[in-house]
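One structure is given here, and the rest of the page talks about it.
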Amino acid sequence: MLVPRVWSSVRPGLSRGLSRTVGSRASGEGKKVDISGIYPPVTTPFTATAEVNYGKLEENLHKLGTFPFKGAVGGVCALANVLGAQVCQLERLCLTGQWEDAQKLQHRLIEPNSAVTRRFGIPGLKKTMEWFGYYGGPCRAPLQELSPMEEEALRMDFTNNGWL
């Protein structure tokens, strides 16, 4: 597997002060390259039935959240289907160093994001797309539409955070 080999080649550099020397000059000096923001990619875990294991993915992301770095690249962006402007705003806040505002917005996005990626999955995402004026379409078999009780719980996840 490529990822462990890449990670094992990066790890020594991380232990040497998070920088390494590349290239060489006539004087013997090299250019310092800061690799403090380089981390191995997070792979998507799957269940035995080849479905995304959202519980394990969330667990992995929580573990990564304990690492001492300010940012990451990529994400599970199902929520962007319904709150795209807010997800983009979160990125802008991070890119401009507005960490307190970014944290507040992120905390408002966590519950709805968990609802459409883990708790209610695709049926929940399709229902929220409908609420926000988009066409999510019907669920394909074997997925089932949300029950009225599930739909109300999903609505609360968005209402509690001021999105509905």
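Values computed for the structure shown
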| quantity | calculated |
| --- | --- |
| Members of segment 59-86 that are in a loop (DSSP other than H, G, I, E, B) and modelled with pLDDT of 75 or more | CYS77, ALA78, LEU79 |
| Filtered residues of segment 142-161 (kept if assigned to a loop (DSSP other than H, G, I, E, B) and closer than 24 Å to ALA85 by Cα) | ASN160, ASN161 |
| Odd one out for LEU164, checked against (1) more than 17 Å from LEU83 (Cβ to Cβ); (2) outside any helix (DSSP H, G or I); (3) in contact with a Lys or Arg (Cβ under 8 Å, 6 or more places away or on another chain) | (1) |
| Contacts under 9 angstrom Cβ, first residue in segment 121-141 being outside any loop (DSSP other than H, G, I, E, B), partner open to solvent by 20 Å² or more (accessible area, probe 1.4 Å) and of a type in the set (S, T, N, Q), 6 or more apart | PRO123/GLN144; LEU125/ASN81; THR128/ASN81; MET129/ASN81 |
| Verdict on GLU111 being part of a helix (DSSP H, G or I) and farther than 24 Å from GLY55 by Cα | no |
| Selection within segment 109-140 - closer than 25 Å to LYS56 by Cβ and open to solvent by 30 Å² or more (accessible area, probe 1.4 Å) | ILE110, GLU111, ASN113, ARG118, ARG119, ILE122, LYS126, LYS127, ARG140 |
| Test: ALA50 is modelled with pLDDT of 75 or more, open to solvent by 40 Å² or more (accessible area, probe 1.4 Å) and at positive phi | yes |
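The values are calculated or read from the model by the stated rules, or taken from the named source; none is laboratory data. Here the structure is a predicted model, which is why all the values come from computation and not from measurement. Neighbour counts run over all protein chains shown; Cβ positions are idealised from the backbone, glycine included. What goes into the accessible areas is simple: the full protein's heavy atoms, side chains included, and nothing from ligands, DNA or RNA. Shrake-Rupley method; radii C 1.70, N 1.55, O 1.52, S 1.80 Å.
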